[in-house]
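These notes concern the structure reproduced below.
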Amino acid sequence: MRKPAPWVYLAAAMVYGFLYVPLLIVVVYSFNDSRLNAEWVGFTMHWYQVLAADSDMLTAAGHSLLIAFTASLSATLLGTLAGLAMHRYRPRLLPYLVIGPVAMPEVLLGVSLLVFFIQVLHLTLGMLSVILAHITFSIGFVAIVVRVRLAGMDEKIFEAARDLGATPWQTFRWVTFPLIRPGVAAGALMAFALSLDDFVITFFTAGVGVSTLPLQIYSMIKIAVTPEVNAVSALLMLLTLALVVIASRLDKGLIRAAS
Amino acid sequence: MSRMIESRLTRRLVGTPPTLFLLIFFLAPFLIIAFASFQYPGEFGGLAPLTGHGNGDHGLTLENYQFFFSDFIFTEIFLHSLLVATLSTLLCLLLAYPVAWLIAHSARKHRDLLVLLAILPFASNFLIRVYAWMIILGPQAALAKAVNGMLALIGLEPVSLLFSPFAVLVGMVYVHLPFMILPLYTSLERHDPLWLDAAQDLGANAWQRFWRVTWPLSLPGVFAGSALVFIPVLGMFAIPDILGGTRDMLIGNLIKDQFLGVRDWPFGATLSVMLTLAVLALAALAGRAARQGRRHEQ
């Protein structure tokens with residue numbers, strides 16, 4: 001193994017620092033006894049107490065969880081089907097439909113869904129429109145993870161099941177599904193995390209009907225920044241950290257699939 | 001025979017639901033936006049009806065596209081966005097290369113952990129990552145004080161780090177960096193170390209080994225990463241909105257304003273069509289370059 005030059009280690013360490021120091025600052029200042037995020041004054045849990053009493057923020061968090069749960073469940077179902085269909089039947093159109101919402105700048109998906117919901121469906125923007133929008137961009141991620149998982153498998157297993165007289169459903173239920181289950185679970189967690197995290201598409205499709213955690217954070221950042229934002233950020237980081245750890249435990253190939 | 005019918009039925013059952021959902025919620029909205037770019041704005045926002053009764057514009061028009069080209073300011077915003085996206089991509093490439101190189105050359109058992117560490121910040125909320133830079137670049141923070149202290153020493157006016165093009169660039173690079181690290185790493189990881197040994201045996205120095213061997217071989221990863229950074233940056237509105245000043249408007253901000261601010265949907269749709277065309281052209285270009293790179297690799 002060729003060892004990288006010392007300056008490569010140094011440069012890489014600096015980049016890792018660049019990635020982590022800003023987040024660390026957010027967390028540290030969430031315990032800072034000062035309204036300004038400027039210098040360390042002293043330790044306090046005050047901002048977490050403020051957060052716990054902020055009913056708007058809590059309502060938004062409830063909405064976010066409900067949306068993430070519903071959208072990730074639906075996206076997992078549709079995404080798994082899409083992954084299976086793409087692997088098994090090589091459809092022409094589906095891969096483009098699956099990749100499109102992932103590859104396009106989010107703003108385009110946001111505005112096109114806004115126009116579609118209002119002009120075509122005559123839907124009042126709110127919980128439903130946000131859930132539909134989140135399903136749309138999550139399907140691709142689930143489909144890709146499931147497909148990568150299927151691609152690594154020996155086709156002979158499925159052929160064997162068929163030769164032994166299994167119906168397509170039996171083959172799926174007893175052979176395919178147990179094999180792709182870790183991928184499906186990891187995809188579901190990914191869809192959940194993406195939905196919880198989404199700002200741009202929610203921003204266009206939520207209207208005044210519903211507020212989510214990212215929308216609430218955005219309005220706080222834009223209007224009046226207090227370390228309460230840091231507190232909610234720190235808690236959210238903890239949550240996503242947990243999700244990522246679980247997802248990577250479930251499917252070792254997930255990190256590879258993500259690239 | 002019944003087996004063939006059965007398999008066709010399975011195929012329908014598996015493929016139809018996701019295809020139908022995405023046709024309705026992805027393709028149809030896009031086609032509607034494309035169509036709306038030829039419509040007139042409605043009297044109270046939205047779109048004007050296609051068939052008219054009474055006064056007010058109705059039907060189809062090219063006016064939105066004429067309006068786009070009538071004022072150079074729109075082209076300028078497009079060019080500015082392309083410039084920001086180019087700079088962000090280059091900076092990401094510069095920062096990602098040593099990291100990807102280090103991961104690809106680490107012991108196998110450390111690689112997954114190093115990759116996870118590189119993408120973990122990406123798992124925290126997007127707004128939080130942007131907000132972090134509001135704190136770091138803020139006027140009361142140590143960085144701004146240090147910079148302005150130094151500027152004062154050489155007799156220059158203090159500057160604002162936050163709400164500047166600089167802040168926008170930093171935010172873009174910070175948010176998109178993992179997108180560059182991952183494809184670069186997957187590309188570098190596949191390289192056979194023997195190639196570098198061969199180059200060394202043939203007398204190539206470190207720089208030549210990088211520039212003549214590693215770099216050309218990593219081009220598929222470079223192009224894939226560049227597409228993954230360039231395209232989202234090109235359409236980004238939230239980062240300029242939060243970290244930028246009033247003059248740092250990008251296409252994304254312009255589009256957002258048409259739909260939510262001034263409520264001129266048809267012009268917003270026109271801008272969206274232009275952005276889509278730019279993205280498709282870039283994706284095609286990156287795809288071609290990556291294919292050529294892969295051929296090069298073989």
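Would you check if there is a residue in the stretch B:290-298 being closer than 28 Å to A:P4 by Cβ, surrounded by fewer than 23 Cβ atoms within 10 Å (Cβ to Cβ) and acidic (D, E)? There is at least one residue in the stretch B:290-298 that is closer than 28 Å to A:P4 by Cβ, surrounded by fewer than 23 Cβ atoms within 10 Å (Cβ to Cβ) and acidic (D, E). For the stretch B:1-54, a tally of residues being part of a helix (DSSP H, G or I) and modelled with pLDDT under 80 returns 7. When you scan the stretch B:238-260, do you find a residue that is under 17 Å from the mean Cα position of the chain (by Cα), at pLDDT 90 or above and more than 30 Å from A:L113 (Cα to Cα), even just one? Taking every residue of the stretch B:238-260 in turn, none turns out to be under 17 Å from the mean Cα position of the chain (by Cα), at pLDDT 90 or above and more than 30 Å from A:L113 (Cα to Cα).
Counting only helices (runs of 4 or more DSSP H) that sit wholly inside the stretch A:1-99, those with at least 3 residues that are within 14 Å of another protein chain (Cβ to nearest Cβ) and crowded, with 19+ Cβ neighbours inside 10 Å are A:6-29, A:55-89. Among the numbered conditions (1) closer than 16 Å to B:V175 by Cβ; (2) in contact with a Lys or Arg (Cβ under 9 Å, 6 or more places away or on another chain), the only one that B:H105 does not meet is (1). Among the criteria (1) more than 7 Å from chain B (Cβ to nearest Cβ); (2) in a helix (DSSP H, G or I); (3) without any contact (Cβ under 8 Å) to a residue 24 or more places away in the chain, the one A:H122 does not fulfil is (2).
Here is a yes/no grid of residues against (1) touching a strand residue (DSSP E or B) at 6+ places or on another chain (Cβ under 6 Å); (2) at pLDDT below 90; (3) within 26 Å of B:R288 (Cα to Cα); (4) in a helix (DSSP H, G or I):
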| site | (1), (2), (3), (4) |
| --- | --- |
| B:V170 | no, no, no, yes |
| B:L177 | no, no, yes, yes |
| B:R212 | no, yes, yes, yes |
| B:F223 | no, yes, yes, yes |
| B:P232 | no, no, yes, yes |
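Would you confirm whether or not the stretch A:216-223 contains a residue that is touching a residue at least 60 places away in the same chain (Cβ under 8 Å), over 30 Å from A:H87 (Cα atoms) and part of a helix (DSSP H, G or I)? Yes, the stretch A:216-223 has at least one match. Tallying residues that are more than 29 Å from B:L91 (Cβ to Cβ) and touching a residue at least 24 places away in the same chain (Cβ under 8 Å) within the stretch B:233-272 yields 7. The single condition among (1) surrounded by fewer than 17 Cβ atoms within 10 Å (Cβ to Cβ); (2) within 10 Å of chain A (Cβ to nearest Cβ); (3) not basic (K, R) that B:G15 does not satisfy is (1).
Can you find even one residue in the stretch A:242-254 that is farther than 25 Å from A:F141 by Cα, within 12 Å of chain B (Cβ to nearest Cβ), exposed (fewer than 15 other Cβ atoms within 10 Å of the Cβ) and of a type outside the set (G, A, S)? Scanning the stretch A:242-254 turns up no residue that is farther than 25 Å from A:F141 by Cα, within 12 Å of chain B (Cβ to nearest Cβ), exposed (fewer than 15 other Cβ atoms within 10 Å of the Cβ) and of a type outside the set (G, A, S).
Scanning the stretch A:171-187 turns up no residue that is not polar (S, T, N, Q) and not in a helix (DSSP H, G or I). B:T86 satisfies every condition listed in (1) assigned to a helix (DSSP H, G or I); (2) of a type in the set (S, T, Y); (3) at the interface with chain A (Cβ under 9 Å from one of its Cβ atoms) except (3). Based on what the data block shows, is B:S187 over 30 Å from B:M134 (Cβ atoms) and polar (S, T, N, Q)? Judged against the criteria, B:S187 is a match.
The values are calculated or read from the model by the stated rules, or taken from the named source; none is laboratory data. Because the structure is a prediction, the values reported are computed rather than measured. All Cβ positions, even for glycine, are placed from backbone atoms using ideal geometry, and neighbour counts span all protein chains on display.
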